[in-house]
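Worksheet for the structure shown next.
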């Protein structure tokens, strides 16, 4: 064959041709194909589902790594036997790449399952091709039962099996001890069994029996006790000829070393089974390396034994002999022993032909079988031959070619295939086909038929005889056979003639083998058809009598006397009998459902119509009956439905994807529809749920990221599955806030329409009105509009039910599980409000510089957390507890302040303010979402005192920046009480309406004056408070609050005759108009002298004082009035006032009874 030329694809290309034999000889060579991609260190090749048995599954996997070396290994698939790698290489041209190719046999029709393989890391694309076998495939190993052994009788069990499986019972015993079956249960000896060596208990003997399964639960045979020991096992094979002995040939012998002598097969595709017995006393495996160049896929099926008695065992292996002829010898490695062996070539189950896809009950199947053999053919049960077998005696090598035609009325339970067997004789090729026809009279399907032998005549035209149908509207079916492998064409061609089969047993062109063609032609009249000719072309060279062929002609009779329906309709199976209209309810994607189809004639159910119609589900139809619009089939929904008396039920539909508007389309006849109708009612196939609802806000905690403000946009994504193109909504009643939340927030925003490819809908502008996080409860994300073609309460229930209620599902669907937490959300901003704080002046109406003053009403800022302006600046009431993030560490004081305080005049000392200030508290019930900041003056504030200053007003402000851990702020920061401007500071009030300016601050001092007088009378000492008026100190007549106690005045330096405590000081109560006069008690006659007095204004006292005459001195206490110290000796204003009191010292003092001084 000439080589193909691959055009340049661009970067690089790597190609290789592999050939396969025994593949179907016409049409596409594959049964099914499939493909995909994978990206891993191991590749998984997705399986396909075969429709015929014994396909050769070829799998090719490409890779993108730049290497010419092998890359694949360890290919594994438990449903494929004999997996063999055929190619594994690549190229480094361009970016490089390569291919791995392997194949294996899928013995039965059905799913292959996935194949796994190890591969160097790469991106992989793969394709699976299941090659369809030509004619009868080789029998296949099916299963092995459990081995049994002992020194008495044994009962080996059948493995799992099907009807017509062939079981081989293998038993090993001592060389001179025969194996018999005390209870055969259908088993009989295989020809050339037994084979033995040795006598008595020496050597070994192999005995083989066979049985054909007639059920799926065959009874086990009982093997009688042969003497020393016995070891038995049953293996089953499928696809073996179903009548007569299952073997083509058998043979056996004995050897000291294992060379199993071959046999000569007479048919193609035998399964050669070889068993070798051994006499060594071991239960272990003993055989390996079985080799025979003529057998493909040699596989060991059993290798074990027994130590009962003298012991022994056997190994069993098999392989396929594709051609007829000598198998040659098989060699194997074995542990040292004496051996007996037997070879059984199992004959394939004739010509296995697949029942056409879509065949339904009451279809008529026509089988055409052409073969070259000197033996007869055995058809499968249930088939009726049409006329006699046509036998053309002019044949190659004395072997005639034959053609036979059969029919069968299909049932509802047809097998996947039928086998035509050829017991005995030589088979030089066979081909066949089955065609299915609907609308045929099942009681008498063949209206007319005839056959003819077609003698050789170049250019090998073959003519079918004329037939005369007895009824109108028949279907003519003609078959031609020719004893070589060639192609066919009608001669002359005609538009009314359709070629249905063109097949050969060997590759075209080939001189051996046989080929066949089948044509059909509608014939409208009950008149003679005339002859019809077909020409064999492209045949092999060197033909002699190969032109001798056969031809057969038949007419299929249509169903009599029943006019076709005018229309069809479909509805629920529960629709009343006789109805021609009805409802179709909402369906669920991925869930089975069936519907009833009705044939309609003249406005009523067509009660005499019994036939098969084709049904599919379509989208795009805008109405019922004749399907207006552009109806398109939903993949995988096409099926044939049998209608009886004008009505029938479909098989189960199962539609994986969602569709919002579906109708049922019915067409008749199946082969060439002339009547097409769509259901009058349309319906939706909805998703069962939103399987996934997720958000980009994935924070379930109270801190960290992601985080967004209440009112910021975020996304939510809902996945319903392929086909869904709706727009979900959110049910605000199904929003559950975090544990401990005061209230659920509201979720704003909307989803966009879903992408129908994935069924995924996303909204990127969702907002949440509250603080914290939330979850969406089941059905919180929902769609009630997708099923809008189905009226609620009629075609679906007004709920979310995925279970049938009155035959109906819910109209709506939603998320099937609570979502993960969506969050975290913070306030958008803070607002603040203030109380009116009040300072109390230290004295009524004024405060001394250095004197502490405090709040009578403490400042309180109420911080309110709010969401965004787009959400109305509403209070976020969940801003509390662990979600409240304002701390003393996050609050900051503005620059240029001292703990937030600033004054117009003077320097304020705030050292008395507590370290934790303000006190932070969350809002209580009714005030959720607020935080109070309460400030304290602590031990008091005071203006620092250094040098005298004129009186001033205390204009004090307090400010703080409100901010929390997440950076949420009060937009007008700082929050502030008062302003440090004239009249703008925080209020001072002593609650006395008589004092008009309670902010007055005065620099003061306490003055103590000298005094002298008689020792016979008490002595008054002048004392007053003063303040600096800007030019000098004057009496502070506003002072009515300062108090000095007797214990605050130290008495020292007693002179002359005045001794300690001969006088005592007394003073109590508050100053009045800035003055207070302490008194010293009269010391008495003779106690003249002086004493120094010092008022201790500090926090602690120094020295002693006398508070009673004649008493003992007592310690002095501090008056704690530091702000009244002066600079009496110069320097700083930190000196206590002092004075001297004198008794009877100065002239005339003794006579002085009373003296008064005015200051």
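The stretch between residue 453 and residue 5 holds 156.9 nm of extra length on full extension. This uses 0.36 nm per residue minus the Cα-Cα distance.
List 1090, 679 from most exposed to least, where exposure is judged by having the fewest other Cβ atoms within 10 Å. Let's see the in-between values first.
Numbers: 1090 19, 679 30.
Sorted ascending by nearby Cβ count, the order is 1090, 679.
Working from the pairwise distances between different alpha carbons, so that the mean of 1/r is found and then inverted, what is the range 967-1112's Kirkwood radius in Å?
18.5
Scale the Cα Rg of the range 836-894 by the rule-of-thumb value 2.2 N^0.38 Å and send over the ratio, two decimals.
Output field value: 1.79.
If you take all C-alpha pairs in the range 239-360, what percent of them are over 18 Å apart? Result for the distance tail: 54 percent.
When the alpha-carbon atoms of the range 687-823 are used, the pair Rg, Dmax equals 15.6, 51 angstrom. Cβ-to-Cβ counts within 10 Å put 55, 575, 581, 733 in ascending order as 733, 581, 575, 55, the fewest first. Normalised by the number of residues in the range 827-1001, the average gap of Cα pairs under 8 Å and 6 or more apart makes the relative contact order 31 percent.
With 0.36 nm allotted per residue and the present C-alpha distance subtracted, the residue 64-residue 261 stretch has 66.1 nm of extension available.
Ordering 891, 1016 by the number of other Cβ atoms within 10 Å of each residue's own Cβ, fewest first, gives 1016, 891.
Given the alternatives (1) 1.45; (2) 1.36; (3) 1.03, Rg/Rh (Cα atoms, Kirkwood Rh) as computed for this entry is given by (2). Got the relative contact order for the chain handy, in percent, Cα pairs under 8 Å and 6 or more residues apart? Result for the chain is 5 percent. Only beta bridges with both residues in the chain are counted; by DSSP, about 95 percent of them are antiparallel. With r defined as the distance between the Cβ atoms of residue 185 and residue 674 and R0 fixed at 45 Å, what FRET efficiency is calculated, to the nearest 0.05? So, using R0 = 45 Å, E works out to roughly 0.20.
Of the two radii for the range 567-680, the radius of gyration is 0.93 times the Kirkwood radius, both from the alpha carbons; that is the Rg over Rh value.
For residue 1070 and residue 1109 in the same chain, what is the full-extension length gain: residue separation times 0.36 nm, less their Cα-Cα distance, in nm?
Computed gain between residue 1070 and residue 1109 is 11.7 nm.
Once you divide the Cα radius of gyration of the range 175-302 by 2.2 N^0.38 Å, the number left is 1.12. With an a/c value of 1.5 or above and a/b larger than b/c for the gyration tensor axes a ≥ b ≥ c computed over the alpha-carbon atoms, the range 426-534 is described as prolate. Just so you know, the Cα atoms of the range 827-1001 work out to an Rg and Dmax of 17.7, 58 Å.
How would you classify the range 209-281 from its alpha-carbon gyration tensor, with a ≥ b ≥ c the square roots of the eigenvalues: rounded for a/c under 1.5, else prolate if a/b is greater than b/c, otherwise oblate? It is oblate, given that a/c is not under 1.5 and a/b is not larger than b/c.
Take every pair of alpha-carbon atoms less than 8 Å apart whose residues are at least six positions apart; their mean separation over the length of the range 1003-1143 yields a relative contact order of 30 percent.
Any read-out appearing in this document is the output of simple, stated calculations on the displayed coordinates, not a laboratory observation. Owing to the predicted nature of the structure, the values given are computational and were not obtained by experimental measurement. Note: ideal-geometry Cβ built from the backbone for every residue, glycine included; neighbour counts use all protein chains shown.
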